[in-house]
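The values are calculated or read from the model by the stated rules, or taken from the named source; none is laboratory data. It should be emphasised that the depicted structure is a prediction, and the values quoted were computed from it without experimental measurement. Every residue, glycine among them, receives a Cβ derived from its backbone with ideal geometry; neighbour counts consider all protein chains shown.
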Amino acid sequence: MASRVIGEVCETVIQLNTDLELEPILLNSIEVSEDGLLYTMNVREGIKFHNGDDLDAEAIAFSHERANNDKAAYPGQFYGATWEVVDPLTVNMIMPEANSGVMLILAFRGCGIVPPAAVAEMNDDMSQHPIGSGPFMFKEWLPGDRITITAYDGYQNFHSQAENKARPYLDEIVFRVIPEEQTQLASFETGEVQLLVMPSQQVVNYEGNDDYYLLRNEQSTTTVYLAPVIMEQADGSYDWIPPFNEQAVRQAVGWAINVQEIIDGVLGGLAIRNRSSLPTGNPGYSAKFQEMGFDYDPEKAKQLLDEAGWTVGSGGVRQKNGEKLSIILWCEAGTTRERICQLVQNHLQQVGFEVQFQGIESATFVAERGTGACHIVYATYNWNDPDIVWWLGNDTSLVQGHYGKINPEFADTGALGWTVTDLAARGDYYYQASKMMVDDGGIIPLWNPVNVDGVRSELKDMKFAAQGFRFYTDAYFEES
């Protein structure tokens, strides 16, 4: 919740619009040199922080340096950049080498601009009372209960999506923590809560009811997938745990899974089938990313296994050289995840796998998923940049994160996406990298979630901004 609130308080210099294009918010413009090493930011004049301080080039340089230091949530996230204040309304960001991923870091909500003097007064800890230039000001935070923000009278709205270019119409927003689903629904139906992140299984109960309207976010930055586990070998190389060291076995999993049955039967249709590892809500995504991977074709799965020498044996379980086609599937414990994996188990058994499924407590899942305790995992990964494709095969905290060592061409192709600034051109590199890993069975993408907000009818003009963030500045209450 805090990450969504902070974006209402502290704005970033640029942000994605609903077309997934970057646009200047606190800047008149941002100019990138031909070699990709110099980013010149021209600051809008007259923007004030909530405490009355000027938002200027010094504040932007200070805030980005602060978001990049060792105390930050993601130290070094600006890829070695340094900042130079040219004049009160001009700041340069200087890169040691070209890396276009930095543009979406500038738009990342954790990199909002803050007033240097106020940070100094708070001993560099703004967590208890953040100050920014966004549409709302921080009022209070009661841990485990609520966060309250109030409208900023001096706000200037430069978002292309906004119809209201000034102070928000809403005077106050209270973000509440209500753990129990039934209490959430009761509070929503009585009007105590006007906007609810809707539990997926409850969506159908509010469709067609004039007292409410539903907002669907289909710009997900989360990919949901299956991944065979890669482990380091005795000689220092990397490979999958048998039987997934055979490409045919990995690919057979992809063809055996009836993804649409899971989306319809477990998720109530609230997911977008995606055959690639790039989520639909990430810049660079296009329809061509569906031209890879797997459809539901159990006969093709059987054919691959037949050709690889896995013959059907006792009880329908395939075997080869005296070994059963037996695997252990893990997911994090949870009702929905476990229902999904039970269907995956059933689909794989129908083509000749013997599958032991286990729902594992979260901390144990993270700590032991890559130790050889399981062969394949059901997992999710979230990131807002198209380089998520590269990270899925190179983030070594993931079970498939050593794929780049198995396939250096994948790692090199994905890395080329950082060398160009044009999002469409970046998408071409990530398409190539995603296709390599997916078609190899290094990752079996399933879907991207669709999130739904329920809104009471008296709260008008609520909408989503890019990538599932909410856009509050046009919303208002209908007068009774």
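Residues are listed down the side, and each one gets a yes or a no for (1) under 20 Å from the mean Cα position of the chain (by Cα); (2) among the hydroxyl-bearing types (S, T, Y):
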{"site": "A411", "(1), (2)": "no, no"}
{"site": "G417", "(1), (2)": "yes, no"}
{"site": "S434", "(1), (2)": "yes, yes"}
{"site": "M437", "(1), (2)": "yes, no"}
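Yes/no matrix, rows are residues, columns are (1) in contact with a Phe, Trp or Tyr (Cβ under 9 Å, 6 or more places away or on another chain); (2) among the basic types (K, R); (3) modelled with pLDDT of 90 or more; (4) not in a loop (DSSP other than H, G, I, E, B):
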| site | (1), (2), (3), (4) |
| --- | --- |
| I60 | yes, no, yes, yes |
| Y74 | yes, no, no, no |
| M93 | yes, no, yes, yes |
| P96 | yes, no, yes, no |
Inset, instruction - For the range 163-190, enumerate the residues that are out of contact with any helix residue (DSSP H, G or I) (no Cβ under 8 Å at 6 or more places or on another chain), in a loop (DSSP other than H, G, I, E, B) and surrounded by 16 or more Cβ atoms within 10 Å (Cβ to Cβ). - result: N164, R167, P168, L170
Legend entry - Members of the range 191-213 found to be more than 20 Å from R470 (Cβ to Cβ) and not in a loop (DSSP other than H, G, I, E, B), listed by number: Q201, V204, N205
Legend entry - Residue among T413, T473, T419, T396 that alone is buried (at least 24 other Cβ atoms within 10 Å of the Cβ) and of a type in the set (V, I, T): T473
Inset, instruction - Starting from residues that are of a type outside the set (V, I, T) and touching a Leu at 6+ places or on another chain (Cβ under 7 Å), keep the ones in the range 332-353 and report whichever is nearest to L267 (Cα to Cα). - result: C341
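Out of contact with any helix residue (DSSP H, G or I) (no Cβ under 8 Å at 6 or more places or on another chain) and free of Cβ contacts under 8 Å to residues at least 24 places away in the same chain: is that true of N42 in this structure?
Details: out of contact with any helix residue (DSSP H, G or I) (no Cβ under 8 Å at 6 or more places or on another chain): yes; free of Cβ contacts under 8 Å to residues at least 24 places away in the same chain: no.
For N42, the condition - out of contact with any helix residue (DSSP H, G or I) (no Cβ under 8 Å at 6 or more places or on another chain) and free of Cβ contacts under 8 Å to residues at least 24 places away in the same chain - is not met.
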Inset, instruction - State all residues of the range 110-160 that are in a helix (DSSP H, G or I) and not hydrophobic (A, V, I, L, M, F, W, C); if no residue qualifies, say none. - result: G110, P116, E121
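Can you pull out the residues in the range 421-480 that are of a type in the set (D, E) and under 20 Å from L196 (Cβ atoms)?
Residues of the range 421-480 that are of a type in the set (D, E), as a first pass: 422, 428, 439-440, 453, 458, 461, 474, 478-479.
D453, E458, D461, D474, E478, listed by residue number.
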